[in-house]
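What follows is a short report on a single structure.
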Amino acid sequence: MQKAIYPGSFDPVTNGHVDIIQRAAAMVDELVVGVLINSSKKPLFSMEERVAMLKEVTKDISNVTVKSFEGLLIDFAREEDAKIIIRGLRAVSDYEFELQLAQSNKAVYPAVDTVFLVTSSKYSFLSSSIVRDIAKYGGDNSKFVPDCIDKKLKLIYKTKENQYE
Ligand code: PNS
């Protein structure tokens with residue numbers, strides 16, 4: 001059985017992430033989306049919200065589960081008994097970080113391999129931080145995130161005090 005982990009911050013999940021999830025889920029028996037709990041960063045959405053949003057947008061993909069993890073990705077991979085890590089590659093600028101991540105994960109846990117899926121060209125510019133910026137200044141994110149995420153973003157920035165945080 002092929003089990004893979006697709007890790008990330010997902011703050012929030014974008015259409016680019018959903019595209020990778022759909023394509024990766026079609027390649028493996030089980031795909032675990034791993035949401036990083038990063039205590040040194042203050043995310044826009046809490047871990048519970050990010051997990052709930054991912055569950056909502058992946059509810060129709062039967063072999064996808066969503067879990068959170070803290071600490072090293074390879075420890076999470078070991079716990080899950082997954083030997084494949086999925087990452088999306090958008091542009092050359094992603095490569096350096098992704099190479100280092102894949103090689104350090106391989107060095108610490110040789111049984112694991114990272115598989116890169118090239119992001120669809122229509123999402124090659126897209127990132128969670130771009131989406132957060134667009135939402136912050138009242139722009140239109142409807143092409144970039146699933147509807148339910150767009151609604152949540154609008155809600156979060158609706159109140160005046162949140163508008164330019
Ligand atoms: O969505 P992101 O922020 O690009 O995802 C980055 C992520 C979560 C894959 C990466 O930061 C990660 O794996 N963090 C956990 C700590 C870790 O294992 N670092 C690698 C050192 S071996």
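Any read-out appearing in this document is the output of simple, stated calculations on the displayed coordinates, not a laboratory observation. Just so we're clear, the structure is a prediction, and the values are computed from it rather than from any experiment. With ideal geometry, Cβ positions are generated from the backbone for all residues, glycine too; neighbour counts draw on all protein chains shown.
Tabulated results
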item	result
Relative contact order (percent, whole number), the chain, Cα cutoff 8 Å, 6+ residue spacing	27 percent
The chain, dipole about Cα centre (Lys/Arg Cβ +1, Asp/Glu Cβ -1), debye to the nearest 20	380 debye
Calculated FRET efficiency for the pair residue 147/residue 98, C-beta based, R₀ 30 Å, to 0.05	0.55
Distance histogram for region 1-88 (every C-alpha pair counted, 10 angstrom bins, percent rounded to whole numbers)	18, 54, 26, 1
Helical contribution to [θ] at 222 nm, DSSP H n ≥ 4, -39,500 (n - 2.57), averaged over the chain, rounded to 500	-12000 deg cm²/dmol
³J(HN,Hα), Karplus 6.51/-1.76/1.60, whole Hz, each residue of region 53-62, x for Gly, Pro	5, 5, 4, 4, 7, 10, 4, 8, 9, 5
Whole-number D in µm² s⁻¹ for the chain, Kirkwood Cα-pair radius fed into Stokes-Einstein, 4 °C, 1.567 mPa s	79 µm²/s
Projected-area average for region 14-57 over all orientations - Cα convex hull basis, square nanometres	3.5 nm²
Sequence-distant residues sharing a close amide H with residue 10 (under 5 Å, placed H)	none
Which of 14, 2, 130, positive extreme of dipole for the chain (C-beta unit charges)	130
Among the listed pairs 3/55; 41/67; 83/143; 67/151; 83/152, those beyond 27 Å (Cα-Cα)	83/143; 83/152
Other-chain or far-sequence residues with amide H under 5 Å of residue 5's (modelled H)	32, 84, 85, 86
Rough spin-label spacing in nm, given labels placed 7 Å along Cα→Cβ, for residue 39 and residue 133	3.1 nm
Burial ordering of 18, 57, fewest other beta-carbon atoms within 10 Å first	18, 57
Whole-Hz couplings from phi, Karplus 6.51/-1.76/1.60, listed for region 9-20; x for Gly and Pro	8, 6, 10, x, 5, 10, 5, x, 4, 4, 4, 5
